[in-house]
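Coordinate-derived values only; no laboratory data. The model shown is predicted, which means the values in this text are computed figures rather than measured ones. Cβ sites come from the backbone with ideal geometry, for glycine too, and all protein chains shown count toward neighbours.
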Amino acid sequence: MTIRLHTLAERPDLAADPGRPALHEVWPEFAKHDRTVNAYIGRAIDEHPEVQVVAWDDEAGRVVAEGNTVPVRWPDEAPPGGVDWALRERYEENAEPTTLCALQVMVARGRQGTGLSAQMLRRMTQAAADAGLDGLVAPVRPTLKPRYPLVPIERYVEWRRPDGALFDPWLRTHERLGAPILAIASESMLIEADAATWEEWTRLAIPDDGDYVVDGALVPVRVRGGIGTYVEPNVWMRHPLP
């Protein structure tokens with residue numbers, strides 16, 4: 001199996017590869033309905049192909065991973081926002097960018113756990129250097145946090161294994177590549193919809209106002225007045241240039 005990493009600027013033909021839409025299956029349904037992301041991520045990919053990374057599998061003949069990023073002006077202190085902040089910073093503030101911000105890394109289910117995600121992060125960091133930016137920041141979504149939705153993320157990020165490595169495998173991958181934790185992005189993504197829509201997304205009955213633990217969610221969904229609000233926390237980490 002030969003995996004080749006390319007930017008979409010290097011291989012614009014891969015933008016139309018049928019393997020790309022299938023990658024979104026890694027997300028829970030509700031996570032596909034962040035309005036800020038849906039408003040701007042297509043624009044980020046189209047306008048900045050030089051910092052969008054895809055992994056091409058020669059044997060399978062399809063894209064098996066994708067990493068999307070956007071150039072931003074990084075402030076003096078990490079903002080409480082994350083993915084949503086980065087897209088608004090680029091397309092609403094429109095400031096001169098200094099830093100590349102990762103938005104998502106998607107690896108096909110059959111290829112997870114093979115080290116491909118680390119390869120993607122290295123190539124994304126190289127793309128930041130090639131673009132003349134000062135590094136790669138990432139609002140990281142911890143992969144095991146949905147198993148612990150009631151644990152504050154501030155405590156979760158402090159958990160470590162007996163060998164000293166971070167407990168969460170996705171945070172651990174970033175740390176092993178030299179990326180320290182900067183701060184908590186407490187308001188990285190916002191997803192809001194009425195209770196009926198949340199029931200459709202989650203297959204969970206929501207008969208009344210309250211806080212609901214939902215499969216795939218890092219924190220509970222809060223329902224008030226029949227409207228469900230999910231504010232996802234992520235973890236800011238920063239990769240140095242190669």
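Computed over the stretch 40-146, the alpha-carbon pair-distance distribution with 5 angstrom bins reads 2, 12, 22, 24, 18, 12, 6, 2, 0, 0, each value a whole percent.
If eta is 1.567 mPa s and T is 4 °C, what Stokes-Einstein diffusion coefficient results for the stretch 90-142, Kirkwood Rh from Cα pairs, in µm²/s?
Answer from the Stokes-Einstein relation: 104 µm²/s.
For the chain, the longest principal axis of the C-alpha atoms and the axis of helix 35-47 are separated by about 10°.
At a 10 angstrom cut-off on C-beta neighbours, averaged per residue, how do the peptides 206-214, 96-104 rank from highest to lowest? Mind showing how you got there, number by number?
Details: 206-214: 14.2, 96-104: 20.2.
Those peptides, ordered most packed to least, come out 96-104, 206-214.
Restriction of the GluC sites (Glu not before Pro) in the stretch 123-222 to DSSP coil positions whose beta-carbon has at most 13 other beta-carbons within 10 angstrom yields E158.
Residue ranges 18-25, 105-112 sort as 105-112, 18-25 when ordered by packing (mean number of other C-beta atoms within 10 Å per residue, highest first).
Can you give the local net charge around D208? Use residues other than it whose beta-carbon is closer than 13 angstrom to its beta-carbon, Lys and Arg +1, Asp and Glu -1. Here the count lands on -1. Using only alpha-carbon positions in the stretch 102-212, the gyration tensor eigenvalues give semi-axes of 30, 18, 15 Å once each is multiplied by 5 and square-rooted (largest first).
Here the 3J(HN,Hα) profile of the stretch 192-202, calculated from phi with Karplus coefficients 6.51, -1.76 and 1.60 at θ = phi - 60°, is 9, 6, 6, 4, 4, 5, 4, 4, 5, 5, 9 Hz, Gly and Pro shown as x. For the stretch 1-81, the direction-averaged projected area of the alpha-carbon convex hull comes to 6.7 nm².
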